[in-house]
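K.L.:
Here you go, one structure.
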Amino acid sequence: MTMTSNKSQLAVIFFTVFLYLVGFGVVIPIIPILSRDFGATALETGLLLSVYSLMQFLFSPFWGQLSDRWGRRPILLFCLVCEALSYVLFAWARSLEWLFIARALAGFFGASLSTASAYISDITPKHERSKGMALIGAAFGLGFVFGPALGGGLAVWGRHISSEPHFDTSFAFYWVAGLCIANFLFGLKFLKESLNEKSESAAKKKRFSLLWHYLNTKTVGSLLSVFFLASLAMSSMEATLILFMGEKFQWDVKQVSFGFAYIGVIIIFTQGFLVRRLLPKWGERKVLRLGLILFAIGLTGIALAPNIPMMALTMTLLSLGNGLTNPSTLGSISLLAEAKEQGAALGVTQSMASLGRIIGPAIGGFLYGHLAITAPFWASGLMALAAIVIVLSVYRFIPDHARVATHGS
C-alpha cells in the first residue's frame with residue numbers, strides 16, 4: 001500500500017486538519033474583540049485563548065485511545081459534527097462565560113487531531129510514514145496562513161451585511177461551522193475505515209498513566225520530550241514576536257501578520273515539498289537533526305538580527321527548521337509505537353505539543369516583561385538546543401525507514 005493509492009482518504013484527512021487549523025486561526029483575531037466587548041480583562045482574554053490548548057492536552061490521548069478501540073472513521077466524523085456545533089455556540093455566545101464554554105468544547109473535539117495522525121499511520125507503509133505526517137504539517141501551515149485572514153475577511157464582510165451588534169463575528173463562526181459540516185459530508189462519502197485490528201487494551205489505560213507509560217518508553221519518551229520542547233519554543237516565540245517587532249522595528253499588527261503568513265508559507269513549502277525530497281535521501285534521523293539545528297539558529301537569530309533583511313533570513317531558517325522537525329518526530333514516534341496503539345501514542349504526542357502551547361506564551365511573556373525583550377528568543381533557542389542534545393543521545397535508536405527503503409540498506 002502506498003500513499004498514491006489512498007489519495008481520497010489522504011485528501012479527507014488533509015482537509016480535516018486544514019479546517020481544524022482554519023477554525024483555530026479564525027478565532028485568533030476575533031476572540032480579543034469579542035472578549036473586550038463582553039468586559040474581559042487582559043488575563044481573561046489570555047485564558048480564553050489558552051483553554052483550547054488545555055483541552056487538547058487533556059483529551060488528545062482520550063480520542064486517540066477511543067479510535068484504537070472503535071476505529072478512526074467514527075471518531076473523526078463525530079468530532080467534525082461536534083466541532084461545527086461548537087462554532088455555532090460561538091456565534092450565539094453573548095457573554096464571556098459562554099465564550100469560555102464554546103472555546104473549551106472546540107478544544108475538546110479538536111483534540112481528535114491525534115486520530116487524524118493515527119489514520120495516516122494506518123494507511124502509509126513504514127518508509128512513507130514521515131512523509132504522511134508531513135502532510136499534516138502542510139495542512140497546519142495552510143491553516144496558519146488562511147485562518148486569521150479568513151476570520152478578519154468574514155468579519156469585515158459581515159459588517160457590510162449588517163451593523164447589528166456581534167453580527168460580524170457570528171457571521172464568521174457560522175461559515176466555519178458550515179465548512180466543518182461540508183467536511184463531515186465529504187468524509188461520510190469518501191472516508192474509509194483504516195484500522196484493521198482494534199485494540200481493547202489501549203482503551204483501558206488511564207490518561208495520565210498512558211502519558212507516563214510513553215514518557216518512560218525507550219526512545220519514544222525522548223522524542224516526546226523533543227516534540228514538547230519544539231512546541232514550547234515555538235509558542236513562546238509566537239507570543240512575544242509582535243511585541244518585539246513593534247518595539248525594535250516599529251512594526252504594527254498588519255506587518256507582523258504578513259510576517260506570520262510568511263512563516264506559514266515556508267512551513268507549507270518545507271512539509272509539502274522539501275520533506276518529501278529529503279526523507280528518501282537522508283532518512284528521519286538526519287532530517288530531524290538538521291531541522292532542530294536550523295530551528296535553534298533561527299530562534300536565537302531573532303535576538304541578534306540588527307535589521308529587517310537579517311530578520312527575514314532568521315525567520316526563514318526558523319520556519320525551515322520547524323517544518324523539518326515536526327514530521328520527522330511524529331513519523332519516528334509512529335514507527336516506534338505498536339501498530340494497535342497508534343492512536344494512543346500519537347494522542348500523547350499531540351498532548352505534549354498542547355502542553356507546550358499552554359506554557360510557552362506564559363514563559364515568553366514573563367521573560368519579555370521581566371528580563372529583556374530578547375530573552376524569550378534566547379530561551380527558545382536554548383530549548384531547541386536541549387532538544388538537539390536529546391536527539392543525539394538516542395540518535396542510533398531513531399528509525400530510518402524512509403532512507404532504508406529507498407537505498408535498500
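The values are calculated or read from the model by the stated rules, or taken from the named source; none is laboratory data. Keep in mind that this is a model prediction, so the values were computed, not measured. Methodologically, a virtual Cβ is constructed for each residue, glycine included, from the backbone with ideal geometry; neighbour enumeration extends over all protein chains shown.
K.L.:
Can you spot a residue in segment 120-131 that is modelled with pLDDT of 75 or more and among the hydrophobic types (A, V, I, L, M, F, W, C)?
P.N.:
Yes; the residues of segment 120-131 include at least one that is modelled with pLDDT of 75 or more and among the hydrophobic types (A, V, I, L, M, F, W, C).
K.L.:
Specify the residue that is surrounded by the fewest Cβ atoms within 10 Å (Cβ to Cβ); the eligible residues are those in segment 244-261 that are more than 17 Å from the chain's Cα centre (by Cα) and in contact (Cβ under 8 Å) with a residue 12 or more places away in the chain.
P.N.:
Among residues in segment 244-261 that are more than 17 Å from the chain's Cα centre (by Cα) and in contact (Cβ under 8 Å) with a residue 12 or more places away in the chain, the one surrounded by the fewest Cβ atoms within 10 Å (Cβ to Cβ) is 247.
K.L.:
Kindly check whether there is at least one residue in segment 164-177 that is at pLDDT below 80 and either under 30 Å from residue 388 (Cβ atoms) or not in a helix (DSSP H, G or I) (or both).
P.N.:
yes
K.L.:
Kindly provide the set of residues from segment 93-119 that are outside any helix (DSSP H, G or I) and modelled with pLDDT of 85 or more, ordered by number. Reasoning before the result, please.
P.N.:
Residues of segment 93-119 outside any helix (DSSP H, G or I): 93-95, 111-112.
Residues satisfying the conditions are 93, 94, 95.
K.L.:
Residues to consider are 331, 323; find the one that is farther than 21 Å from residue 263 by Cβ, in contact with a helix residue (DSSP H, G or I) (Cβ under 6 Å, 6 or more places away or on another chain), of a type outside the set (Ser, Thr, Tyr) and buried (at least 18 other Cβ atoms within 10 Å of the Cβ). Even if it seems obvious, please write down each step before you answer.
P.N.:
On the way: 323 fails: farther than 21 Å from residue 263 by Cβ.
Unique residue meeting the criteria: 331.
K.L.:
Of all residues in segment 45-71, which are closer than 17 Å to residue 20 by Cβ and of a type in the set (Val, Ile, Thr)?
P.N.:
51
K.L.:
Working only within segment 383-395, note down all residues that are in a helix (DSSP H, G or I) and in contact (Cβ under 8 Å) with a residue 60 or more places away in the chain. Break it down into steps so the answer makes sense when it comes.
P.N.:
Keep residues of segment 383-395 that are in a helix (DSSP H, G or I), which gives 383-393, 395.
Once the filter is applied, which keeps residues that are in a helix (DSSP H, G or I) and in contact (Cβ under 8 Å) with a residue 60 or more places away in the chain, segment 383-395 yields 383, 384, 385, 386, 387, 388, 390, 391, 392, 393, 395.
K.L.:
Another question about this same structure. Inside segment 299-339, can you point out the residues that are outside any helix (DSSP H, G or I) and under 22 Å from residue 251 (Cβ atoms)? Full working, then the answer.
P.N.:
Step one: filter segment 299-339 for residues outside any helix (DSSP H, G or I), giving 305-307, 337-338.
Passing the criteria: 305, 306, 307.
K.L.:
Shifting gears a bit: For residue 373, all conditions in the list (1) more than 17 Å from the chain's Cα centre (by Cα); (2) in contact (Cβ under 8 Å) with a residue 12 or more places away in the chain; (3) in a helix (DSSP H, G or I) hold save one; what is the number of the exception?
P.N.:
All conditions are met except number (3).
K.L.:
When you check residue 358 against the structure, is it in contact (Cβ under 8 Å) with a residue 60 or more places away in the chain, surrounded by fewer than 24 Cβ atoms within 10 Å (Cβ to Cβ), within 15 Å of residue 231 (Cβ to Cβ) and not aromatic (Phe, Trp, Tyr), yes or no? Even if it seems obvious, please write down each step before you answer.
P.N.:
Details: in contact (Cβ under 8 Å) with a residue 60 or more places away in the chain: yes; surrounded by fewer than 24 Cβ atoms within 10 Å (Cβ to Cβ): yes; within 15 Å of residue 231 (Cβ to Cβ): yes; not aromatic (Phe, Trp, Tyr): yes.
Considered against the rule, which asks whether it is in contact (Cβ under 8 Å) with a residue 60 or more places away in the chain, surrounded by fewer than 24 Cβ atoms within 10 Å (Cβ to Cβ), within 15 Å of residue 231 (Cβ to Cβ) and not aromatic (Phe, Trp, Tyr), residue 358 comes out as yes.
K.L.:
On to the next question. Run down 377, 366 and say which single residue is modelled with pLDDT of 90 or more and under 22 Å from residue 231 (Cβ atoms). Step through it out loud before you land on a result.
P.N.:
On the way: 366 fails: modelled with pLDDT of 90 or more.
Answer to the selection: 377.
K.L.:
Still on this model: Before we move on, is residue 398 more than 21 Å from the chain's Cα centre (by Cα), farther than 18 Å from residue 314 by Cβ and modelled with pLDDT of 90 or more?
P.N.:
On the way: more than 21 Å from the chain's Cα centre (by Cα): yes; farther than 18 Å from residue 314 by Cβ: yes; modelled with pLDDT of 90 or more: no.
In short, no.
K.L.:
Taking segment 1-31, which residues are of a type in the set (Phe, Trp, Tyr) and at pLDDT below 75? Quick ask: steps written out before the conclusion?
P.N.:
To start, the set of residues in segment 1-31 that are of a type in the set (Phe, Trp, Tyr) comprises 14-15, 18, 20, 24.
Within segment 1-31, 20, 24 qualify.
K.L.:
Here's something else I'd like to know. Between residues in segment 88-111 that are over 14 Å from residue 170 (Cα atoms) and residues that are surrounded by fewer than 19 Cβ atoms within 10 Å (Cβ to Cβ) and modelled with pLDDT of 90 or more, which pairs lie under 6 Å by C-beta distance while being six or more apart or on different chains?
P.N.:
Close Cβ pairs satisfying both conditions: 109/82.
K.L.:
Same structure again: Examine segment 112-119 for a residue that is surrounded by fewer than 24 Cβ atoms within 10 Å (Cβ to Cβ) and either among the hydroxyl-bearing types (Ser, Thr, Tyr) or out of contact with any Gly (no Cβ under 9 Å at 6 or more places or on another chain) (or both), and state whether such a residue exists.
P.N.:
No, segment 112-119 contains no residue that is surrounded by fewer than 24 Cβ atoms within 10 Å (Cβ to Cβ) and either among the hydroxyl-bearing types (Ser, Thr, Tyr) or out of contact with any Gly (no Cβ under 9 Å at 6 or more places or on another chain) (or both).
K.L.:
Restricting to segment 36-46, what's the tally of residues that are touching a helix residue (DSSP H, G or I) at 6+ places or on another chain (Cβ under 8 Å), modelled with pLDDT of 75 or more and either within 28 Å of residue 272 (Cβ to Cβ) or part of a helix (DSSP H, G or I) (or both)? If you could, list the steps in order and put the result at the bottom.
P.N.:
Within segment 36-46, the subset touching a helix residue (DSSP H, G or I) at 6+ places or on another chain (Cβ under 8 Å) is 36, 38-40, 44-46.
Within this subset, residues satisfying the condition of being modelled with pLDDT of 75 or more are 38-40, 44.
Among the residues that remain, those that are also either within 28 Å of residue 272 (Cβ to Cβ) or part of a helix (DSSP H, G or I) (or both) are: 44.
Adding up the residues that qualify gives 1.
K.L.:
Here's something else I'd like to know. What is the number of the single condition among (1) of a type outside the set (S, T, N, Q); (2) within 21 Å of the chain's Cα centre (by Cα); (3) buried (at least 24 other Cβ atoms within 10 Å of the Cβ); (4) under 18 Å from residue 240 (Cα atoms) that residue 302 does not meet?
P.N.:
(2) is the only condition that residue 302 fails.
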